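J.: So that we are looking at the same thing, I have put the structure below in structure tokens.
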Amino acid sequence: PRSRKFRLGPPLPDPAGQVVALTVDGRLYAIGGAGDEGPSPQALSIVAGETNWIRHTSAPGPVVQASGCVLDGRIYIAAGPASRCPGLFIYDPQQDAWSQVEHPTSPPSAPLCAAFNGEVWVMGGRGDGRGRVETFAYAPDSARWRRGPDLPLPVSWAAAAEVGGRLLIAGGAYRDERTDALFNSDRVFLMRSFNAP
């Protein structure tokens, strides 16, 4: 940010798109993605000053069309049926180990995922050939899910994050029901208010 310039860093061992990239304690993790050989479960990391990516224990399934967040030092990935993900893949960097949590309904494809108010929020995505508006929040402390407020409109492949204490969703794509065409969007949603459970 200081130089306002991009520079190349060490390349991934295998070219891949749709990688879930998150940081934990200053270390950048790149998980999954799809390359010429198809979707991958690989988990890699690197920190500033290193010149090679380190390989970690692979995810339980190939992570593709996924999103993730970090909460209390753990990585949570919402990936959907294409990744054989029952709801969330959870990676503990300290143990280099994965666990899984089952979604309370059918896990969406291409969902949005964000850490917000001590919970992991899984929102929107695709399912049954249509876009979804449902929101579910997972509380790791109690290992319980609860329903959150529905999104205003269906959205997949968007960015979601806590910004200034509020949940923000930006971009993504949606299917127009009138034309049955898929459109990329520059919409931004901001949750008006939040009542903690």
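The values are calculated or read from the model by the stated rules, or taken from the named source; none is laboratory data. Being a predicted model, the structure only gives us computed values, none of them experimental. Cβ atoms come from the backbone with ideal geometry, glycine included; neighbour counts cover every protein chain shown. The protein model used for the area step is the full one, side chains on, heavy atoms only, and it has no ligands, DNA or RNA in it. Shrake-Rupley method; radii C 1.70, N 1.55, O 1.52, S 1.80 Å.
J.: Return the residues of the stretch 27-41 that are more than 15 Å from the chain's Cα centre (by Cα) and at pLDDT 95 or above; say none if nothing qualifies.
T.: Arg27
J.: Given the options Cys85, Cys69, name the one that is surrounded by 11 or more Cβ atoms within 10 Å (Cβ to Cβ) and in a loop (DSSP other than H, G, I, E, B).
T.: That would be Cys85, the only listed residue that is surrounded by 11 or more Cβ atoms within 10 Å (Cβ to Cβ) and in a loop (DSSP other than H, G, I, E, B).
J.: Quick one: in the stretch 102-134, which of the residues that are closer than 19 Å to Val70 by Cβ and of a type in the set (Val, Ile, Thr) is surrounded by the most Cβ atoms within 10 Å (Cβ to Cβ)?
T.: Looking at residues that are closer than 19 Å to Val70 by Cβ and of a type in the set (Val, Ile, Thr), I get Val122.
J.: Give me the pairs: first residue in the stretch 147-173 and farther than 19 Å from His103 by Cα, second residue open to solvent by 80 Å² or more (accessible area, probe 1.4 Å) and outside any strand (DSSP E or B), beta-carbon distance under 7 Å, and six or more apart or on different chains, which are they?
T.: Gly171/Asp186; Gly172/Trp157; Ala173/Trp157
J.: Right, here's the next one. Among (1) more than 12 Å from Ala137 (Cα to Cα); (2) open to solvent by 10 Å² or more (accessible area, probe 1.4 Å); (3) in a strand (DSSP E or B), where does Val64 come up short?
T.: Of (1) more than 12 Å from Ala137 (Cα to Cα); (2) open to solvent by 10 Å² or more (accessible area, probe 1.4 Å); (3) in a strand (DSSP E or B), only one is false for Val64: (3).
J.: Tell me which residues, restricted to the stretch 36-55, are buried (at least 17 other Cβ atoms within 10 Å of the Cβ) and either acidic (Asp, Glu) or in contact with a Phe, Trp or Tyr (Cβ under 8 Å, 6 or more places away or on another chain) (or both).
T.: Matches in the stretch 36-55: Ala43, Leu44, Ser45, Ile46.
J.: Looking only at the stretch 102-133, which residues are charged (D, E, K, R) and at pLDDT below 95?
T.: Looking only at the stretch 102-133, we keep the residues that are charged (D, E, K, R), and these are 102, 119, 126, 128, 130, 132.
Within the stretch 102-133, Arg126, Asp128, Arg130, Arg132 meet the criteria.
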